[in-house]
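Since the structure comes first, as structure tokens, the remarks are kept for the end.
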Amino acid sequence: MTPFTPILQHTAVKIQRGPYQDLNVFYGDLHNHCGISYGHGSLEEALQNAKEQLDFCSVTGHALWPDMPEPDPEVQYIIDFHLEGFAKLRRLWPQVQKTMARFHQDGEFVTFLGFEMHSSADGDRAVIYNGASGDILEVEDLTELERKIRQLRSTGVGVIALPHHIGYLRGQRGINWDTYDADISPIVEIVSMHGCSEENENTRPFLHVMGASDYESTMACGLARKHLFGVVGSTDHHSAHPGSYGHGRTAVWATARTRHSIWDAICQRRTYALTGDRIALQFTLNDQMMGSSLSFTLQRDIELFVSGGAAIDCIDIIKNGRLLRRFSEDEQRSTSASITSSVHTKLYLEVGWGERKVRTDWEIDFGISEGEILAVEPRFRGSEVVAPPEADASLSREHYLSHWQANGLNRVQLTTSTFGNPNNSTNASQGICLEVIMPRQAEVRSTINGRQVNIPLSRLLVGAKADRLGKIGTAGFRFNRAPEAWEFNWHCQFTDTVTQSEPGGDTYYIRVRQKNDQWAWSSPILILDD
């Protein structure tokens with residue numbers, strides 16, 4: 001019996017306090033695509049990929065676009081592939097439900113059935129059912145969609161509508177905050193492969209053909225209007241790879257890895273948004289957790305516990321759209337840094353690079369000479385394809401199936417494939433991260449495509465170690481720097497004392513930035529005005 005399974009390892013997260021005490025953090029992707037509509041790859045591939053690195057998943061086929069543009073020769077190809085995708089999903093819908101049900105198993109991997117509705121006027125919605133069965137709702141607009149959702153709820157059916165890529169221009173599939181209903185949409189997607197919708201200036205700008213982002217569609221604008229919603233990240237990936245690393249993920253605080261518990265966390269806004277790394281983020285204000293609404297109080301005691309996937313750069317408290325407090329690395333170092341004989345650290349191995357479109361297959365054995373592996377975090381990516389015209393037939397789907405498994409008490413095995421980075425700004429590497437406790441003088445040991453590579457941990461504590469498989473132009477690998485525990489485990493406190501609130505109340509949320517450019521955003525807390 002091996003000590004790990006291809007499901008998230010939570011044993012290393014021990015920071016639960018206060019209202020989070022009896023909860024665990026689980027990670028998933030509620031909005032992504034595959035070949036059941038106009039994406040790529042099978043539903044079975046998508047769910048198998050999801051099981052490698054997620055706790056829960058919905059695969060949302062494209063279903064309808066009630067206010068699609070009128071026929072026009074210049075955009076007819078766009079209209080055509082949408083219509084073909086919608087028709088395909090309807091043909092496959094009975095089988096989609098069966099497959100989603102077959103992959104679901106409470107305690108191991110949770111699935112939710114879903115489909116997507118485009119709306120130029122009000123912004124796209126992913127309709128997600130609390131289960132593996134449900135109908136594609138035929139509607140003419142968002143108002144009718146929400147009416148049908150209320151009807152379903154009155155009969156005991158759990159269903160929500162998730163707004164996504166909200167930052168696009170209103171009227172061009174960005175969110176319309178005038179028609180937003182928090183009861184129907186308790187969570188809102190703020191980051192995906194489309195970009196980040198937090199505010200005007202973002203770590204990940206909107207670069208897709210659909211256009212640039214606009215302030216009136218951002219999370220900041222929605223909060224300024226005193227809407228209260230949970231935030232999530234999704235990949236919106238179109239190549240059967242839910243959770244594709246770096247595109248966006250959702251974290252929830254739930255009692256168990258079950259459909260009921262995760263659904264309850266979503267509806268109660270106990271969610272936060274991630275770009276990729278499994279960052280465990282706890283945020284309380286006056287001992288109330290993220291997503292809460294509180295009565296007016298003059299004193300707001302804020303407490304944060306963050307366990308990152310890599311060294312943390314800074315943690316921000318955002319109040320009413322402005323930076324209230326920034327916690328820095330220097331503060332953590334001065335209070336937490338110490339030298340010990342054993343090290344609690346993260347060992348992140350990346351593989352990839354090489355010539356573009358040249359395939360490299362990888363077989364890797366990765367572990368430590370002494371100590372204990374606390375958790376395993378796969379960081380697998382899928383191919384960067386959205387619309388059918390973008391597809392490259394030379395990159396077949398099977399190339400992006402990655403797998404890992406335990407190999408005894410202190411090693412893991414990894415098989416994957418890479419094709420080099422498609423350009424100088426898109427990372428297409430595959431990787432795996434081990435959270436470990438090991439002696440400072442022990443070794444990180446690996447066998448990479450038959451080549452033994454052993455590195456003293458003391459060397460990786462200084463900085464990264466990279467190499468190639470062969471001559472210049474061949475694929476390569478990189479052991480990232482191993483951070484000390486104080487660099488990724490932060491505890492921060494701050495008290496905000498006020499005399500009055502803004503009209504409608506004050507909103508607070510947390511933003512975490514790591515040195516490797518992976519981010520997390522908490523759901524906001526709203527304190528009502530007096």
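Each value in this text was obtained by applying a stated rule to the coordinates, not by laboratory testing. Please read all numbers here as calculations on a predicted model, not as lab measurements. All Cβ positions, even for glycine, are placed from backbone atoms using ideal geometry, and neighbour counts span all protein chains on display.
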Candidate lysines - alpha carbon under 21 Å from LYS346, same-chain residues fewer than 8 apart omitted:
LYS14, LYS465, LYS515
Taking a ≥ b ≥ c as the square roots of the eigenvalues of the Cα gyration tensor, with a/c under 1.5 meaning rounded and otherwise prolate when a/b exceeds b/c and oblate if not, segment 18-276 is rounded
Antiparallel DSSP beta bridges within segment 18-167, percent to nearest 5
50 percent
As a test of the formula, what do you get for the chain when each DSSP H run with n ≥ 4 contributes -39,500 (n - 2.57) and the sum is divided by the residue count, at 222 nm and rounded to the nearest 500 deg cm²/dmol?
-5000 deg cm²/dmol
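Sorted from fewest to most neighbouring beta carbons within 10 Å, what does the list TRP65, TRP353 look like? Write down the numbers at each step before the final one.
Working: TRP65 19, TRP353 22.
Fewest-to-most Cβ neighbours within 10 Å comes out as TRP65, TRP353.
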If you average the sequence gap of Cα pairs under 8 Å that are 6 or more apart and divide by the length of the chain, what percent do you get for the contact order?
17 percent
Explain nothing, just compute: Karplus ³J(HN,Hα) = 6.51 cos²θ - 1.76 cosθ + 1.60, θ = phi - 60°, for every residue of segment 517-525 in order, whole Hz, x for Gly and Pro.
6, 9, 10, 9, 10, 6, 5, x, 10
From the square roots a ≥ b ≥ c of the eigenvalues of the alpha-carbon gyration tensor of segment 140-219, which class results: rounded (a/c under 1.5), prolate (a/b over b/c), or oblate?
prolate
Can you figure out the FRET efficiency of LYS148 with LYS471, using R₀ = 56 Å and their beta-carbon distance, to the nearest 0.05?
0.40
Proximal lysines relative to LYS357, as straight alpha-carbon distance under 19 Å, when same-chain residues fewer than 8 apart are discounted
LYS471
Charged-residue dipole, Cβ positions (Lys, Arg, Asp, Glu), segment 18-276 about Cα centre, Debye nearest 20
820 debye
In cubic angstrom, how much convex hull volume per residue do the alpha carbon atoms of segment 262-361 span?
239 Å³
Under 12 Å from the Cβ of LEU23, count the other residues' Cβ atoms, weight Lys and Arg +1, Asp and Glu -1, and hand me the total.
+1
Show which lysines lie in cross-link reach of LYS226 when reach means a straight Cα distance below 24 angstrom and same-chain residues fewer than eight apart are skipped.
LYS319
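Only bridges whose two residues both fall in the chain count here: according to DSSP, what percent of them are antiparallel, nearest 5?
Rounded to the nearest five, the antiparallel share is 85 percent.
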Antiparallel bridges, percent of DSSP beta bridges restricted to segment 18-276 (to nearest 5):
60 percent
Percentage relative contact order, segment 18-276, counting C-alpha pairs under 8 Å, at least six apart
24 percent
When CYS57, CYS196, CYS314 are ranked with the fewest other C-beta atoms within 10 Å first, the list becomes CYS314, CYS196, CYS57
Kindly put SER523, SER42, SER425 in sequence by how many other C-beta atoms sit within 10 Å of each C-beta, fewest to most.
SER425, SER42, SER523
